[in-house]
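Asker: What follows is a structure written as structure tokens; I'll ask about it next.
The values are calculated or read from the model by the stated rules, or taken from the named source; none is laboratory data. Model, not experiment: these values are computed from the prediction. Cβ coordinates were reconstructed from backbone atoms using ideal geometry, including for glycine residues, and neighbour counts include every protein chain displayed. Remember, those area values only see protein heavy atoms, side chains included, never the ligands or the DNA or RNA. Shrake-Rupley method; radii C 1.70, N 1.55, O 1.52, S 1.80 Å.
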Amino acid sequence: MNIYTLNAPQSSDEETQESSADASLLRTVPRNVVQSIRAFRVTDLQSEAMRLGQHFLYAHCAEATTRQQVLAAIAESFHVPKHVGKNYDALSECLTSMFHKASDQPGFLVVLEQLPNTPKFDKEARENLLDVFRDAADYWSEKKVAFRVFFSFQ
């Protein structure tokens, strides 16, 4: 399985690396969270993931208008098997046990940019998608692995 990641040196004590950084971009962000991207820039988040030796997963969903298109965009962007883009359960399985079985994980920084606001991907659909990522954050929290998700809407 391919996980899109930026290669960076990994420390033996990642939590210490995160907390001891002088001007860490994520110093006020919990290790396991799903939140609006707000003032963060994608390039800064990517650089921070690299500095921390974590996987950086990015999906730009502006062209999607339906749940299926959003899931397909995520699967394609994350370089995971196509079946992951079929439903929320497959995405959940991928974000948790599939990644966990692949190898020890250094942490994840995920960006979901421009989630649509359309009749076929309404507020309920967006919340259902974000719930999948919240559940993944909880899963990785139990394993003491950082899993931060930042999202934006159109």
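Asker: Where residues in region 52-63 are open to solvent by 10 Å² or more (accessible area, probe 1.4 Å) and in contact with a Pro (Cβ under 9 Å, 6 or more places away or on another chain), which of them is farthest from Glu113 (Cα to Cα)?
Answerer: Residue satisfying both the conditions and the ranking: His55.
Asker: The conditions are (1) free of Cβ contacts under 8 Å to residues at least 40 places away in the same chain; (2) more than 21 Å from Val145 (Cβ to Cβ), and Asp104 fails exactly one of them. Which is it?
Answerer: Every listed condition holds for Asp104 apart from (2).
Asker: Given (1) surrounded by fewer than 21 Cβ atoms within 10 Å (Cβ to Cβ); (2) small (Gly, Ala, Ser); (3) out of contact with any Gly (no Cβ under 8 Å at 6 or more places or on another chain), identify the lone condition not met by Ala136.
Answerer: (1)
Asker: For region 83-96, which residues satisfy the criterion of being touching a residue at least 40 places away in the same chain (Cβ under 8 Å) and in contact with a Phe, Trp or Tyr (Cβ under 9 Å, 6 or more places away or on another chain)? Break it down stepwise before answering.
Answerer: The first filter runs over region 83-96 and keeps only residues touching a residue at least 40 places away in the same chain (Cβ under 8 Å), leaving 88, 91-92, 95-96.
Selection gives Leu91, Ser92, Leu95, Thr96.
Asker: Checking the condition surrounded by 22 or more Cβ atoms within 10 Å (Cβ to Cβ), closer than 23 Å to Phe40 by Cβ, under 16 Å from the mean Cα position of the chain (by Cα) and in contact (Cβ under 8 Å) with a residue 24 or more places away in the chain, which residue from Val70, Val80 passes?
Answerer: Exactly one residue qualifies, and that residue is Val70.
Asker: If you don't mind, another one. Sort out which residues of region 47-67 are closer than 27 Å to Leu25 by Cβ, in a helix (DSSP H, G or I) and over 15 Å from the mean Cα position of the chain (by Cα), and write them in order of number. Before you say what the answer is, go through the steps one by one.
Answerer: As a first pass, look at region 47-67 and keep what is closer than 27 Å to Leu25 by Cβ: 47-62.
Going one step further and asking which of them are in a helix (DSSP H, G or I), we end up with 47-52.
Scanning region 47-67 gives a single hit, Arg51.
Asker: Which residue is farthest from the chain's Cα centre (by Cα), if the candidates are limited to region 101-115 and must be under 14 Å from Tyr139 (Cβ atoms) and open to solvent by less than 30 Å² (accessible area, probe 1.4 Å)?
Answerer: Only one residue tops the list, namely Gln105.
Asker: Which condition number does Met98 fail, the rest of (1) open to solvent by 10 Å² or more (accessible area, probe 1.4 Å); (2) of a type outside the set (S, T, N, Q); (3) under 12 Å from the mean Cα position of the chain (by Cα) being met?
Answerer: If we test Met98 against (1) open to solvent by 10 Å² or more (accessible area, probe 1.4 Å); (2) of a type outside the set (S, T, N, Q); (3) under 12 Å from the mean Cα position of the chain (by Cα), just (3) comes out false.
Asker: Being under 20 Å from Ala49 (Cβ atoms) and open to solvent by less than 50 Å² (accessible area, probe 1.4 Å) narrows it down to one residue among Arg148, Arg126; which is it? Break it down stepwise before answering.
Answerer: Values: Arg126 fails: under 20 Å from Ala49 (Cβ atoms).
The match here is Arg148.
Asker: Further question on the same structure: Which condition number in (1) outside any helix (DSSP H, G or I); (2) in contact (Cβ under 8 Å) with a residue 60 or more places away in the chain; (3) open to solvent by 10 Å² or more (accessible area, probe 1.4 Å); (4) under 21 Å from Leu25 (Cβ atoms) is the one that Ser141 fails?
Answerer: (1)
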